[in-house]
1. Which of the residues spanning region 216-225 are surrounded by 12 or more Cβ atoms within 10 Å (Cβ to Cβ) and more than 25 Å from the chain's Cα centre (by Cα)?
2. Confirm whether ARG191 is closer than 24 Å to CYS82 by Cα and touching a residue at least 12 places away in the same chain (Cβ under 8 Å).
3. Here are the criteria: (1) assigned to a helix (DSSP H, G or I); (2) modelled with pLDDT of 85 or more. Tell me which single one ASP85 does not satisfy.
4. Within region 226-261, count every residue that is under 20 Å from the mean Cα position of the chain (by Cα), hydrophobic (A, V, I, L, M, F, W, C) and at pLDDT 95 or above.
5. Mind listing whichever residues of region 148-203 are aromatic (Phe, Trp, Tyr) and within 20 Å of LEU79 (Cβ to Cβ)?
6. Given the structure, is MET199 in contact (Cβ under 8 Å) with a residue 24 or more places away in the chain, within 30 Å of SER114 (Cβ to Cβ) and surrounded by fewer than 14 Cβ atoms within 10 Å (Cβ to Cβ)?
7. Would you check which residues across region 26-37 are buried (at least 17 other Cβ atoms within 10 Å of the Cβ) and in contact (Cβ under 8 Å) with a residue 40 or more places away in the chain and list them?
8. Yes or no: region 107-116 includes at least one residue that is in a helix (DSSP H, G or I) and farther than 16 Å from MET199 by Cα.
Amino acid sequence: MISYLNGLTFQTEYRPLQTFSAYMDYFLPRMYGLEFWSEYQEYLSLIIGKLFDQFNAQGLDADMDIQHDLFSARDIVVLRACIIDYEPCIQMATERFQEVRRNCSGKFQLLSGSDCNKIPYYLRPWVYSAAIKHGTEDDFDFLFEKWNMEHYMMERDSIFNGLCSTRFREKSDLAWKRLMKNRARENILLRCVACSKTMFNDTLLLDMFEEQPEYMKELVETAANDLSAVMILIYRNMQFEKDVKRMDNVLKPYKDLIRFLAKYRSQALGRIVWRQDVAPYFAGNASEAIQIMKNIHSFD
């Protein structure tokens, strides 16, 4: 595995990167937030960072419409670089988002319009997500206002990908409650799947349902299927057994929901056990790989 990942730093072919992306989907939720996360983050940065630097040097706006595999590879690289907080990716996202704030500040300007928003469509979900994750409440408010007035569904999808990345509890409540209120026109399941790629170790949703049982009851009675998708997202992001127990208390009055979510609860507990038993050895391998990669590629 180490030699395979080392080789990725030399290529931008889609198939190897697709495999690497699936690898990250498995390991990121299991490694994020642990005491040795910084070592694993450095390990990933040595792989994905170099690829991001290559694409960024070429220009992330470069037209690749007739090079589908290369376009898809670039999409994976940008997503993964920003997810692991690779500094050049965060800087790129922050600068582009601030440019959008300046150019699209008009009351009736839509972000789906190309007159003010010059960010390529493929890049928008990752720019919005990184900018909101590392930004201010004012950044969130700007994007939330644009989401409420937006009518183009592709842009609404991209914007919510940013909104669900907020680290502010009040803003998180605002975004998810508005989404559920608009569920007749929104695909809640797809929103949750998209947000699961950028949310790690995030208990804001669990906090909301734990502290607002009356809202939980309302959704159970009026939007059970959509609520189930949100509950799966919460389980997807659980890192500690204490949060599983908190979720048990939230779900205690709802036997049907408990039965439906039993599989996802079990998966969450499995990840927690992996973090306790396997992650330390995996982190040690990552530290060793860092030194090997630095020696091979002269990254020192």
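The values are calculated or read from the model by the stated rules, or taken from the named source; none is laboratory data. All values derive from a computational prediction rather than experimental measurement. Quick reminder, even Gly has a Cβ in these numbers, built from the backbone with ideal geometry, and neighbours come from all protein chains shown.
1. LYS217, GLU218, VAL220
2. Considered against the rule, which asks whether it is closer than 24 Å to CYS82 by Cα and touching a residue at least 12 places away in the same chain (Cβ under 8 Å), ARG191 comes out as yes.
3. Of everything listed in (1) assigned to a helix (DSSP H, G or I); (2) modelled with pLDDT of 85 or more, ASP85 misses just condition (1).
4. So the answer is 7.
5. Hits for region 148-203 are PHE160, PHE200.
6. Answer is no for this residue.
7. Residues satisfying the conditions are LEU28, PRO29, ARG30, MET31, TYR32, LEU34.
8. No, that holds for no residue.
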